Amino acid sequence: MKETYYMREGNVITVNYAYNQDDVVIYPDLIKVKIALDNGEVLGIEATKYLNSHKEKRELKEAKITKEEAQKLINPNLEIKSVNQAIIPTEWKTEIQCWEFKGNTKGNDFLVYINVETGAEEDILMIIDTPNGTLTA
């Protein structure tokens, strides 16, 4: 599991963990853990997405689009900070394997997802840093 984002509310932090297979982040297999900041006690776990979508060994696709080719498809003003592969869920309850570009432009952080097979832009999320944690919109 890999920590992805967190949100702090009062004396409780909720940490999102995504499953990781062969250095590919599997976002549909997300687990949220609520932890008390004063004593480290686990207050709750939300594992529905993990339980509904986790597979012991997903069949990962061989990227037909290299990360360099994918980077040429995104806004050239985006200053890239990191590149990974990820599987993202869709609104139709399917999954897409993508290149995940984390970057910054004009003082805003973004995640851009480019399909590893077709080069299609699948999603763009803005990362919002708040005093209480990091969210995506």
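The values are calculated or read from the model by the stated rules, or taken from the named source; none is laboratory data. The shown structure was predicted, so the numbers you read here are calculated from the model rather than taken from an experiment. Using ideal geometry, Cβ is built from the backbone for each residue, glycine included, and neighbour counts are taken over all protein chains shown. Areas reflect the complete protein model, heavy atoms only, side chains present, ligands, DNA and RNA absent. Shrake-Rupley method; radii C 1.70, N 1.55, O 1.52, S 1.80 Å.
Add -39500 (n - 2.57) for each DSSP H run of 4 or more in the chain, then divide by its residues: what number comes out at 222 nm, to the nearest 500 deg cm²/dmol?
Computed ellipticity for the chain at 222 nm equals -2000 deg cm²/dmol.
Count charges around D123 for me, please; just the other residues with Cβ under 11 Å from its Cβ, Lys/Arg as +1, Asp/Glu as -1.
-4
Express in nm, to one decimal, how much length is gained between N52 and D123 on full extension, taking 0.36 nm for each residue of separation and deducting their alpha carbon distance.
Gain on extension, N52 to D123, equals 23.3 nm.
Ignoring ligands, DNA and RNA, what percent of the accessible area of the chain is carbon or sulfur (1.4 Å)?
Within the chain, the accessible surface is 48 percent carbon and sulfur.
Rounded to the nearest 10 Å², what accessible area does L43 have for a 1.4 Å probe in the complete protein model?
L43 exposes around 90 Å² with every protein chain in place.
I need the calculated FRET efficiency for the pair E41 and E91, taking r as the beta carbon distance and R₀ as 35 Å, to the nearest 0.05.
Efficiency at R0 = 35 Å is approximately 0.50.
Cβ neighbours within 10 Å, averaged per peptide: list 55-66, 25-36, 119-130 in order, most packed at the top.
25-36, 119-130, 55-66
Under a crude label model (7 Å from the Cα following the beta-carbon direction), how far is T130 from E9 in nanometres?
If labels sit at T130 and E9, their model points lie 1.0 nm apart.
Quickly work out the N104-to-D22 label distance, labels modelled 7 Å from Cα along the C-beta direction, and quote it in nm with one decimal.
My value for the distance between the label points is 3.4 nm.
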